[in-house]
Amino acid sequence: MIRTVAQALDDAAAGPGAYVFVDANGAEGSVRFAALRDSALALGGALRARGLEPGDCVALVIPEAAGFLTAFLGASVAGLVPTPLADPVHVGTFGAYLDVIAPLVRAARARAIITTPRLRPLLDALQVSAPTIRFVSAWSELTGPALSAAEPADADAPALFQFTSGSTSQPKGVVLTHANLDANIRAIGGPAGLGLSPDCVGVSWLPLFHDMGLIGLALCALYHGNITVLLSPWAFVKRPVAWLRAITRHRGTISFAPNFAYEMCVRRVKDAELDGLDLSSWRVAGCGAEPIQAGTLEAFAAKFAPVGFRATSFVPAYGLAEHTLAATLAPPGRDLRVDTVRASELAARRRAVPCSSDAPGALRLVGCGRAFPEHALRVVDDRGHPVGERVVGEILVSGPSVMQGYLSAPGATAEVIRDGWCSTGDLGYLAGGELYICGRRKETIIVAGRNYFPQDLEQVVNRVPGVRAGCVAAFAATEPGHPDRAVVVVETQGHTPGDLLQAEVRRRLLQATGLAVHEIVLVPKGTVGRTTSGKLRRVELRERYAAGTLVRTHPRARSPQEVS
Amino acid sequence: MTTRGLSLEAEIIAIVKRVSRRPVEPTAASDLELDLGFDSLLRYELIAELEDRFDVSIPLNDIETIRTVAQVREHLDALIKVGSG
């Protein structure tokens, strides 16, 4: 039977499960699902009392996990559609923040913004730029008669609008139904997935506006009735060991994070901090949301083996918001499966040809498992025909986890979903039934688990004095098995010294988007050109960048991340 | 005081340089973002490193307001003074 979010909450309330909230200073508070259900019914009643009707969208901007989940579930039990948005600290400066989220609020036709007392005065301005907004309120200040029971909802009604990134040029809000959430969460936690049970203990520092944090950890815990410990993302970023200490203290069994988080632990957890850690309870160390590097996971396993970490705990995963969250998970409890192939054959012939790891140009790709039961996955060529074993093509997915479509964008939806198959925009191959990811057709740039669209970066750079407006291209320099590097190619005009221009472009991008780009390439007039579409231009420049044939007007200045 | 002040600044600069992993020599006037390319991840890493070295606790809310190396120093100076009574 398909459960709605509210039904999952009702069921969870009858069990012993709970969220344990750890604030930025490390103070902990546990809230049983039964108590959370009461708070949700109270908040849901307050929202209805403010005139919201079932089916209305409410946007959530709440950095703290306890408030976020109360508001999310309050909206759910009232039959409203919660739409999580990134909070300001995650998106450049505050001025830029409003520009980033206003288009999202408009695309979702949000009727209200639920936030915190601290952010409410700042978000009030959205009532001007998003006319559908009727009120902006702090979740903790909303009062009204509590609902006696959840508003019944149809399985095919929207449960959640999930934005894949804060894009000003093309906000992509994924519409997920209760049936989508139920299918994906059951697949993740089911016997063919992680085998979740009420005695599992989840630990997460992932932001809850991010689908892996919200669906993969928080909602998974609700649907499976287990305890999940939620830390502040910033507590992790400041001290990565905080994550591992929470796992130690709560005997955590399940935790997921993007590759960069494992890398941060390898680099930043000091030897002295290993004292007191015990990671022997950690059964599922999931890794997804950005390209996975075998070397990072191996280094993590080596560093933390002395405190009980087992390399067999790694569960590499592949997924996308358009497929609710996860598309494949490697089976828990096995060794990391690494396929070593020739880079040259992969690029030139689209073949994954095995080679030894010391061969020149050897690439080590991590196996991400196979499709879930009741779901399907195939790899196709440019004409959409399935390809054979070890042939690279685009990955398509189908089944009950595929989204209903994009918000207010039927054209974009039709481009992605055809005959029930959803194009992922990612390139990969199958070998021995296992999926390996090795590139991307879509233009998204993924850095530290966050998605950026080239159009948004280009828009920011176009306004920098000394840049030839319209002659800017942004793309991800990708290498299979390596993290993305964001590159911006810029035609210059006037006499601004190159290093000043690069610094200014870097600063504007950081402020507007929070992204630190890998390289800003200054090129002579005519390099970027305007004749072709943005997409073709980016593809061409990306190839020339990779081949090293771009003529530069100023020598390369490397990003901080690269020089180590 | 002057000697101690200078050495505090030198130490901060050394830590900033190490965290930035960039072949640029920071100065007191360096802007973390503009000159040294600090994004939010690096900024938090810097704060953790400074806390460890100087045995202080820097509130999370202050992290976003510090812009330059000189401001890092002012912040630390205040915290160290409070700490030593």
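The values are calculated or read from the model by the stated rules, or taken from the named source; none is laboratory data. As the structure is a computational prediction, the values presented were derived from the model and not from experiment. Positions of Cβ are backbone-derived with ideal geometry, glycine not excepted, and every protein chain shown enters the neighbour counts.
The number of residues in segment B:7-36 that are basic (K, R) and either at positive phi or in contact (Cβ under 8 Å) with a residue 60 or more places away in the chain (or both) comes to 1. Scanning segment A:376-387 for residues that are assigned to a loop (DSSP other than H, G, I, E, B) and either of a type in the set (A, V, I, L, M, F, W, C) or surrounded by 12 or more Cβ atoms within 10 Å (Cβ to Cβ) (or both) yields A:D381, A:G384, A:V387. Selection within segment A:284-305: residues that are of a type in the set (A, V, I, L, M) and surrounded by 15 or more Cβ atoms within 10 Å (Cβ to Cβ). The member of this set that is nearest to the other protein chains (Cβ to nearest Cβ) is A:A289.
Screening segment A:232-335 for helices (runs of 4 or more DSSP H) wholly inside it with 1 or more residues that are among the acidic types (D, E) returns the ranges A:259-268, A:271-274, A:294-304.
Here is a yes/no grid of residues against (1) touching a strand residue (DSSP E or B) at 6+ places or on another chain (Cβ under 9 Å); (2) outside the structural domain of A:A34 (by TED's automatic domain parsing):
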| position | (1), (2) |
| --- | --- |
| A:G225 | no, no |
| A:S232 | yes, no |
| A:I247 | yes, yes |
| A:R251 | yes, yes |
| A:F260 | yes, yes |
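Which residues, counting only those in segment B:37-62, are aliphatic (A, V, I, L, M) and either at the interface with another protein chain (Cβ under 7 Å from one of its Cβ atoms) or at positive phi (or both)? Residues satisfying the conditions are B:L41, B:L42, B:I47, B:A48, B:L60. Across segment A:95-110, the qualifying residues are those that are of a type in the set (A, V, I, L, M, F, W, C) and surrounded by 23 or more Cβ atoms within 10 Å (Cβ to Cβ), and the one among them that is farthest from A:T83 (Cα to Cα) is A:V100. Residue pairs whose Cβ atoms lie under 6 Å apart, sitting 6 or more positions apart in sequence or on different chains, and linking a residue in segment B:53-71 that is within 22 Å of B:G37 (Cβ to Cβ) to a partner that is assigned to a loop (DSSP other than H, G, I, E, B), are B:L60/A:A24; B:V69/B:P26; B:V69/B:A28; B:V69/B:S30; B:A70/B:A28. No other residue among A:D99, A:D87 is in contact with a Pro (Cβ under 9 Å, 6 or more places away or on another chain) and of a type in the set (D, E, K, R) apart from A:D87. Residues that are on the phi > 0 side of the Ramachandran plot and under 23 Å from the mean Cα position of the chain (by Cα) within segment A:440-473 comprise A:A448, A:G449, listed in sequence order.
Selection of segment A:252-278 for residues being farther than 24 Å from A:R364 by Cβ, more than 14 Å from every other protein chain (Cβ to nearest Cβ) and not hydroxyl-bearing (S, T, Y) yields A:G252, A:I254, A:L274, A:D275, A:G276, A:L277, A:D278.
Going through (1) surrounded by fewer than 23 Cβ atoms within 10 Å (Cβ to Cβ); (2) within 19 Å of A:G213 (Cα to Cα) one by one, A:S281 falls short only on (2). Being out of contact with any helix residue (DSSP H, G or I) (no Cβ under 6 Å at 6 or more places or on another chain) and modelled with pLDDT of 90 or more is the filter here; which residues of segment A:359-377 pass it? Across segment A:359-377, the qualifying residues are A:L365, A:G367, A:C368, A:G369, A:R370, A:A371, A:P373, A:E374, A:H375, A:A376, A:L377. Going by the structure shown, is A:L47 within 23 Å of A:A86 (Cα to Cα), assigned by TED's automatic domain parsing to the domain that holds A:I101 and touching a Gly at 6+ places or on another chain (Cβ under 8 Å)? Yes; evaluated as a whole, the condition is true for this residue.
Could you go through segment A:152-159 and let me know if any residue there is touching a helix residue (DSSP H, G or I) at 6+ places or on another chain (Cβ under 9 Å), assigned to a strand (DSSP E or B) and either within 20 Å of A:G17 (Cβ to Cβ) or basic (K, R) (or both). Within segment A:152-159 (the criterion being touching a helix residue (DSSP H, G or I) at 6+ places or on another chain (Cβ under 9 Å), assigned to a strand (DSSP E or B) and either within 20 Å of A:G17 (Cβ to Cβ) or basic (K, R) (or both)), the answer is yes, since at least one residue qualifies. Strands (runs of 3 or more DSSP E) fully within segment A:415-503 that include at least 3 residues being among the hydrophobic types (A, V, I, L, M, F, W, C) and within 21 Å of A:A547 (Cα to Cα): A:467-477, A:485-492. The residue of segment A:9-37 that is surrounded by the fewest Cβ atoms within 10 Å (Cβ to Cβ), among those that are touching a Ser or Thr at 6+ places or on another chain (Cβ under 9 Å) and of a type in the set (G, A, S), is A:A24.
Among residues belonging to segment B:27-36 that are surrounded by 19 or more Cβ atoms within 10 Å (Cβ to Cβ) and closer than 14 Å to B:A14 by Cα, point out the one that is nearest to the other protein chains (Cβ to nearest Cβ). For segment B:27-36, the residue satisfying everything is B:L36. Which condition number in (1) in contact with a Cys (Cβ under 9 Å, 6 or more places away or on another chain); (2) in contact (Cβ under 8 Å) with a residue 60 or more places away in the chain is the one that A:A326 fails? The number of the failed condition is (1).
Residues that are of a type in the set (K, R), surrounded by fewer than 18 Cβ atoms within 10 Å (Cβ to Cβ) and either outside any loop (DSSP other than H, G, I, E, B) or out of contact with any Lys or Arg (no Cβ under 9 Å at 6 or more places or on another chain) (or both) do not occur anywhere in segment A:367-375.
Annotation note: of A:D211, A:D199, the sole residue that is under 15 Å from the mean Cα position of the chain (by Cα) and in the same structural domain as A:L73 (by TED's automatic domain parsing) is A:D211.
If the condition is being outside any strand (DSSP E or B) and in contact (Cβ under 8 Å) with a residue 24 or more places away in the chain, then segment A:399-414 contributes A:G399, A:P400, A:S401, A:V402, A:M403, A:Q404, A:L407, A:S408, A:A409, A:A412.
Candidates A:F161, A:F135: the one that is surrounded by fewer than 19 Cβ atoms within 10 Å (Cβ to Cβ) and at pLDDT 95 or above is A:F135.
Of the residues examined, B:R22 is one that is at pLDDT below 85, within 14 Å of chain A (Cβ to nearest Cβ) and farther than 25 Å from A:D23 by Cα.
Conditions (1) more than 14 Å from every other protein chain (Cβ to nearest Cβ); (2) modelled with pLDDT under 90; (3) surrounded by fewer than 13 Cβ atoms within 10 Å (Cβ to Cβ), marked per residue:
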{"position": "A:V464", "(1), (2), (3)": "no, no, no"}
{"position": "A:A473", "(1), (2), (3)": "yes, no, no"}
{"position": "A:A476", "(1), (2), (3)": "yes, no, no"}
{"position": "A:S533", "(1), (2), (3)": "yes, yes, yes"}
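Of all the numbered requirements in (1) farther than 27 Å from B:I58 by Cβ; (2) at pLDDT 95 or above, A:I292 misses one, and that requirement is (2).
This table checks each residue for (1) in contact with a Gly (Cβ under 6 Å, 6 or more places away or on another chain); (2) at pLDDT below 95; (3) not aromatic (F, W, Y).
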| residue | (1), (2), (3) |
| --- | --- |
| A:M1 | no, yes, yes |
| A:F21 | yes, no, no |
| A:S30 | no, no, yes |
| A:L36 | no, no, yes |
| A:V58 | no, no, yes |
| A:G74 | yes, no, yes |
| A:G79 | no, no, yes |
| A:P84 | no, no, yes |
| A:A96 | no, yes, yes |
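Can you tell me which residues in segment A:487-518 are within 30 Å of A:A348 (Cα to Cα) and more than 11 Å from chain B (Cβ to nearest Cβ)? Within segment A:487-518, A:V487, A:V488, A:V489, A:V490, A:E491 meet the criteria.
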